[in-house]
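Take a look at the structure below.
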Amino acid sequence: MGPVVTRPSHAIVVGGGLAGCEACWHLARRNTPVTLIEMKPEVYSPAHHSPLLAELVCSNSLKSLQINTATGVLKKELITLGSLIMESAIHHAVPAGNALSVDRESFSTFITERISSHPRIQIDHAIIHKLRDIKKRPTILATGPLTHPDLIADLQRHTGSDALYFYDATSPILYADSINTSIVFKGSRYGKGGDDYLNIPLTREQYDNFVYNILQAEKVPLHPFESETYYEGCMPIEVLAERGKDTLAFGPMKPVGLSNPMTGKRPYAVIQLRQENLSGNLFSMVGFQTKMTFRDQERIFRTLPGLEHAEFARLGTIHRNFYLNSPQVLTPTLELKGIPGIHIAGQISGVEGYLESTAIGLLCALFCLSKEHPIPPPPPTTVMGGLYRHLTTPQKRFSPMGANWGLVTPLRERVKRKEKKQALATRALHDIKQWKEELKKILGEDDDNL
Ligand SMILES: Cc1cc2nc3c(=O)[nH]c(=O)nc-3n(C[C@H](O)[C@H](O)[C@H](O)COP(=O)(O)OP(=O)(O)OC[C@H]3O[C@@H](n4cnc5c(N)ncnc54)[C@H](O)[C@@H]3O)c2cc1C
């Protein structure tokens, strides 16, 4: 048995959502008394309506259960680590094919009962307006994408305004190996930047069809609390298309400075794909933030030359979502730089999705447990490790990410494309188990119930 750590005498968790409840659970079951501070039912965010903890604010789907998908593997990883949220999800699943969907009321009731009946968890219904209102450390801040505005203002004071974002305007991200590279060509405008971009060339006819499809596409309506105030720099492509037939061709799809080596000519319009990560397995569509429905995005983007078989790591979005520029403002243990002891968990850390938020809640709880023998982060070959790496790797334009295979370390060995995802999944599940064994040694835990 390795080192046995001294547990903190008390911890605070702010926010009783998915990340906060998961964090409380992992602290309390390891003999750390926790106070959970939750502003409901005194105050509700514009999207929360239930007095219960761990409320699902929108869909009741926790996404795919398939074991070769990154979201499917994240579920298994959470189960391996003893997740309360996953325990409830499995108990309260409703039929949904290959996805895990839950009865939202009984899902949240189960978690509320577990948390409120735990002898080491106390719940305070109060609003945290300022960081200095939190009197104890360690603290985990898990106040979600609709954090109380006073706390947002205080975080802004502490981190600086360039460290916070209020809208998530993200372009679709594709897996590199699903792009037909015999049609797209490499190059940067006017050759400035070498071969950094992949370019999809369009003829006039292809461009006109594409614009027509965008105008006809189904769009996601705004929530009542979201205003349609877009920055000019991240205008949805459909809004640009509505301004005039050629607006996109003069905007994000302008062909200037590019010549198609296959024809020697400048295309009528171009869609540029930019490398998203160091390993080069993800590419984003430059300037393609959109509110088209996910179904229509996939359908329409696959009509583009070279993207007929495109697979998407994430699709375009624009929605209200408060989050921090974590690589800039957090330490490797996800604590606010300059304010040791305050860990940032859940969606505000820059992950996206119910289970991704849960995973970062769990991770922060582990980081709180051991100061003298630091907890190693999850391996980058696991989905949790990929999410962690996303939060800690400096990026030009940091934006939230859900679980996807592009975040994890690529396979070293050559594997047929069809077998790649299964190989990634097998490796992730093996490595998360090894990590768990390592944690048990550090935390001095004998039983398998970690
Ligand atoms: C409108 C909307 C729709 C979404 N739909 C989906 C979806 O369909 N699928 C999906 O996977 N993800 C969805 N998301 C993202 C979703 O919010 C996250 O996946 C998940 O809920 C984040 O978990 P969390 O624990 O970080 O935050 P939350 O679950 O939001 O929990 C935060 C908690 O903190 C409390 N709180 C906030 N500020 C304070 C304060 N100052 N003091 C005390 N308590 C406070 C809140 O009341 C809340 O209970 C959606 C988000 C929004 C805004």
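The values are calculated or read from the model by the stated rules, or taken from the named source; none is laboratory data. Note that this is a predicted model, so its numbers are computed, not measured. Ideal geometry is used to build each Cβ from the backbone, glycine not excepted, and the neighbour counts take in all protein chains shown.
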For segment 120-134, what are the residues that are surrounded by 15 or more Cβ atoms within 10 Å (Cβ to Cβ) and within 27 Å of the chain's Cα centre (by Cα)?
Ile127, Ile128, Leu131, Ile134
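Would you please name the residue that is modelled with the highest pLDDT, looking only at residues in segment 394-414 that are of a type outside the set (Asp, Glu) and farther than 27 Å from Met285 by Cβ? Explain how you work it out, then say what you get.
If we filter segment 394-414 for residues that are of a type outside the set (Asp, Glu), which is where we start, we get 394-412, 414.
Remaining after also requiring farther than 27 Å from Met285 by Cβ: 412, 414.
On the way: Arg412: 91, Arg414: 88.
By that ranking, first place goes to Arg412.
So which of Gly306, Gly257, Gly264 is on the phi > 0 side of the Ramachandran plot and either at pLDDT 95 or above or within 16 Å of the ligand (Cβ to nearest atom) (or both)?
Values: Gly257 fails: either at pLDDT 95 or above or within 16 Å of the ligand (Cβ to nearest atom) (or both); Gly264 fails: either at pLDDT 95 or above or within 16 Å of the ligand (Cβ to nearest atom) (or both).
Of Gly306, Gly257, Gly264, the one residue that is on the phi > 0 side of the Ramachandran plot and either at pLDDT 95 or above or within 16 Å of the ligand (Cβ to nearest atom) (or both) is Gly306.
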Within segment 290-297, can one find any residue that is within 16 Å of the ligand (Cβ to nearest atom), touching a Pro at 6+ places or on another chain (Cβ under 9 Å) and assigned by TED's automatic domain parsing to the domain that holds Lys75?
no
Taking the conditions exactly as written (in the same structural domain as Gly385 (by TED's automatic domain parsing), touching a residue at least 12 places away in the same chain (Cβ under 8 Å), buried (at least 16 other Cβ atoms within 10 Å of the Cβ) and at positive phi), does Lys76 satisfy them or not?
no
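Any idea which residue in segment 16-31 is modelled with the lowest pLDDT, counting only those that are touching a helix residue (DSSP H, G or I) at 6+ places or on another chain (Cβ under 7 Å) and assigned to a loop (DSSP other than H, G, I, E, B)? Don't jump to the end; show me each part of the working.
We begin by selecting, within segment 16-31, every residue touching a helix residue (DSSP H, G or I) at 6+ places or on another chain (Cβ under 7 Å); these are 17-27, 30.
Add one more test, that the residue is assigned to a loop (DSSP other than H, G, I, E, B), and what stays is 17, 30.
Numbers: Gly17: 98, Arg30: 93.
Top of the filtered list is Arg30.
Could you go through segment 151-169 and let me know if any residue there is within 16 Å of Met285 (Cβ to Cβ) and modelled with pLDDT of 85 or more.
Going residue by residue through segment 151-169, those that are within 16 Å of Met285 (Cβ to Cβ) are 168-169.
Going one step further and asking which of them are modelled with pLDDT of 85 or more, we end up with none.
No, every residue in segment 151-169 fails to be within 16 Å of Met285 (Cβ to Cβ) and modelled with pLDDT of 85 or more.
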Taking Thr35 as the residue in question, decide whether it is over 17 Å from the mean Cα position of the chain (by Cα) and at pLDDT 95 or above.
yes
Give just the number: which of (1) under 23 Å from His309 (Cβ atoms); (2) in contact with a Lys or Arg (Cβ under 7 Å, 6 or more places away or on another chain) does Lys219 not satisfy?
(1)
List every residue pair whose Cβ atoms sit under 6 Å apart, with the two residues 6 or more apart in sequence or on different chains, where the first one lies in segment 26-50 and is farther than 30 Å from Lys371 by Cα and the second, anywhere, is more than 9 Å from the ligand (Cβ to nearest atom).
Lys40/Pro51; Pro41/Pro51
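Looking at Pro145, is it part of a loop (DSSP other than H, G, I, E, B), at pLDDT 90 or above, crowded, with 18+ Cβ neighbours inside 10 Å and outside the structural domain of Arg266 (by TED's automatic domain parsing)? Reasoning before the result, please.
Values: part of a loop (DSSP other than H, G, I, E, B): yes; at pLDDT 90 or above: yes; crowded, with 18+ Cβ neighbours inside 10 Å: yes; outside the structural domain of Arg266 (by TED's automatic domain parsing): yes.
Yes: the conditions hold for Pro145.
If you take the residues in segment 348-359 that are within 10 Å of the chain's Cα centre (by Cα) and surrounded by 24 or more Cβ atoms within 10 Å (Cβ to Cβ), which one is farthest from the ligand (Cβ to nearest atom)? Don't jump to the end; show me each part of the working.
First, the residues of segment 348-359 that are within 10 Å of the chain's Cα centre (by Cα): 348-357.
Imposing the further condition that a residue be surrounded by 24 or more Cβ atoms within 10 Å (Cβ to Cβ) reduces the set to 348-351, 354-357.
Numbers: Ile348: 6, Ser349: 8, Gly350: 11, Val351: 8, Tyr354: 4, Leu355: 7, Glu356: 7, Ser357: 4 Å.
The selected residue is Gly350.
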Tell me, which residue of segment 47-84 that is in a helix (DSSP H, G or I) and within 17 Å of the chain's Cα centre (by Cα) is nearest to the ligand (Cβ to nearest atom)?
Thr71
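Considering only residues that are near the ligand (Cβ under 10 Å from one of its atoms) and among the hydrophobic types (A, V, I, L, M, F, W, C), which ones fall in segment 13-46? Steps first, please.
Of segment 13-46, the ones near the ligand (Cβ under 10 Å from one of its atoms) are 13-23, 36-46.
Of everything in segment 13-46, those that are near the ligand (Cβ under 10 Å from one of its atoms) and among the hydrophobic types (A, V, I, L, M, F, W, C) turn out to be Val13, Val14, Leu18, Ala19, Cys21, Ala23, Leu36, Ile37, Met39, Val43.
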Among the residues that make up segment 272-291, is at least one of them more than 17 Å from the chain's Cα centre (by Cα), farther than 26 Å from Gly386 by Cβ and crowded, with 21+ Cβ neighbours inside 10 Å?
yes
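Among the residues of segment 234-253, what is the count of those that are aliphatic (A, V, I, L, M) and free of Cβ contacts under 8 Å to residues at least 12 places away in the same chain?
1
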Every pair of residues 6+ apart whose Cβ atoms lie under 7 Å, when the first sits in segment 103-132 and is assigned by TED's automatic domain parsing to the domain that holds Ala19 while the second is hydroxyl-bearing (Ser, Thr, Tyr) and surrounded by fewer than 18 Cβ atoms within 10 Å (Cβ to Cβ)
Ser108/Ser50; Ile123/Ser116
